[in-house]
Amino acid sequence: MFSSLNHVGFNITKTKLQLVEVVKEKGNYCLENVDEEPFDENGFHFNYDESNFINTLQTAFTSLTNRNFLKSKNVSFAIPTELFKFFKIPFEPSLSDSAFKKHLEWEFKMLFPTLDKNDYFLQKLQLAKKTGILQVLVVALPKNIATSLYGFCKHNNLRLRYINAACFSSDSIIDKSATLSLYVEQNSVSIAFYTEGELFAFINKQATGTNKITDILLGFIKQANITYNSVYIAGTEDMFELKTYLEETLNTPVKMFNPFATIKHSETFIQNGHFLNTPNSFAAAAGICYRKF
């Protein structure tokens, strides 16, 4: 039975589709399903035309729902961080919404002269104050990806709720007091620092390999001039080697967050290998799913 209180979070990577579903049961939100399905040997390409985009996603989605039918029509998507454009600008609160929008569009044109601002949705994230200066991080999502995801949802009679970068989806369920967070994807790493619940600094860079990721992290810490109390890492692949190396380099514990540790299980939930053995790899799917709650 479908419920408006239930929610499914998907994480789309280049190699697989991950799913986390939460349902409302006896007054509590409960974990209902954790699963993933690999794409074929060609992987998933976000530059597909809408028809191929939907068809490729549909094949993996059908395999997942054939194993366990969904109890929700509400769905949200985490997608690779590298698909977004990011830039930071000063924020003047006295500006009207229309004036600030024009300023955002001008900044986008200056920073990305070969791109058309009309091809992107622009959203601002307030950054924590630094020496009294107000700044925002602007996040630009390609409209064609949002349109294709909407088309997929319409094809499956689903309601699209949110689309977010995988790194921010993952970060939505960690402690954010003086916290350093790394989200590792196939060819990139995202690093964020949070203080008193607010985002303070962020980067996303191309990177492969433990040494390269560590070098980027050390440079980020130095440039941002931060002091952290905790460090989290997440990603869809095995993070244990990176975790060990970072602990040796930083001389501090590194946490691999388990997004299922603090949520009840549905009465019909079947514990599986993903839930038991690789919970950290579902941080983005769980984070975008839990966002509703």
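Quick notes on this one:
- Within the stretch 106-134, tally of residues that are over 19 Å from the mean Cα position of the chain (by Cα) and modelled with pLDDT of 90 or more: 14
- The listed residues are Thr65, Thr81, and the only one of them that is without any contact (Cβ under 8 Å) to a residue 60 or more places away in the chain and among the polar types (S, T, N, Q) turns out to be Thr65.
- One residue stands out in the stretch 83-125 among those that are in a strand (DSSP E or B) and among the charged types (D, E, K, R): the one that is surrounded by the most Cβ atoms within 10 Å (Cβ to Cβ), namely Lys85.
- Filtering the stretch 126-146 to residues that are charged (D, E, K, R) and in a helix (DSSP H, G or I) leaves only Lys143.
- Helices (runs of 4 or more DSSP H) wholly inside the stretch 147-260 that include at least 1 residues being farther than 19 Å from Thr13 by Cα, in contact with a strand residue (DSSP E or B) (Cβ under 7 Å, 6 or more places away or on another chain) and among the small types (Gly, Ala, Ser): 210-224
- In a residue-by-residue description of the stretch 157-177, the property of being out of contact with any Gly (no Cβ under 8 Å at 6 or more places or on another chain), over 21 Å from Ala286 (Cα atoms) and assigned by TED's automatic domain parsing to the domain that holds Asn52 applies to at least one position.
- Count of the stretch 1-27 residues which are in contact with a Lys or Arg (Cβ under 9 Å, 6 or more places away or on another chain) and at pLDDT 90 or above: 8
- Test result for Ile79, surrounded by 13 or more Cβ atoms within 10 Å (Cβ to Cβ) and closer than 21 Å to Gly43 by Cα: yes
- Per-region count, the stretch 239-254, residues in contact (Cβ under 8 Å) with a residue 24 or more places away in the chain, more than 19 Å from Gly219 (Cβ to Cβ) and surrounded by fewer than 19 Cβ atoms within 10 Å (Cβ to Cβ): 1
- Of all residues in the stretch 205-215, those satisfying the criterion of being under 14 Å from Leu242 (Cβ atoms) and surrounded by fewer than 19 Cβ atoms within 10 Å (Cβ to Cβ) are Thr208, Gly209, Thr210, Asn211, Lys212, Asp215.
- Restricting attention to the stretch 1-54 and to residues that are of a type in the set (A, V, I, L, M) and part of a loop (DSSP other than H, G, I, E, B), the residue that is surrounded by the fewest Cβ atoms within 10 Å (Cβ to Cβ) turns out to be Met1.
- Filtered by the rule that a residue be over 23 Å from Lys85 (Cβ atoms) and hydrophobic (A, V, I, L, M, F, W, C), the stretch 153-176 gives Cys153, Leu158, Ile173, Ile174.
- Residues (modelled with pLDDT under 95 and closer than 16 Å to Val138 by Cα) located in the stretch 189-198: Glu198
- Whichever residue in the stretch 233-247 is hydroxyl-bearing (Ser, Thr, Tyr) and in contact with a helix residue (DSSP H, G or I) (Cβ under 8 Å, 6 or more places away or on another chain) and, among such residues, is modelled with the highest pLDDT: Tyr245
- Residues (exposed (fewer than 13 other Cβ atoms within 10 Å of the Cβ) and of a type in the set (S, T, N, Q)) located in the stretch 60-75: Thr62, Asn66
- Within this structure, Ser72 fails the test of being more than 26 Å from Phe112 (Cα to Cα), touching a Gly at 6+ places or on another chain (Cβ under 6 Å) and of a type in the set (Ser, Thr, Tyr).
- In a residue-by-residue description of the stretch 197-216, the property of being under 14 Å from Lys176 (Cα atoms) and free of Cβ contacts under 8 Å to residues at least 24 places away in the same chain applies to at least one position.
The values are calculated or read from the model by the stated rules, or taken from the named source; none is laboratory data. Keep in mind that this is a model prediction, so the values were computed, not measured. Don't worry about glycine lacking a Cβ; one is built from the backbone with ideal geometry, like all the others, and counts go over all protein chains shown.
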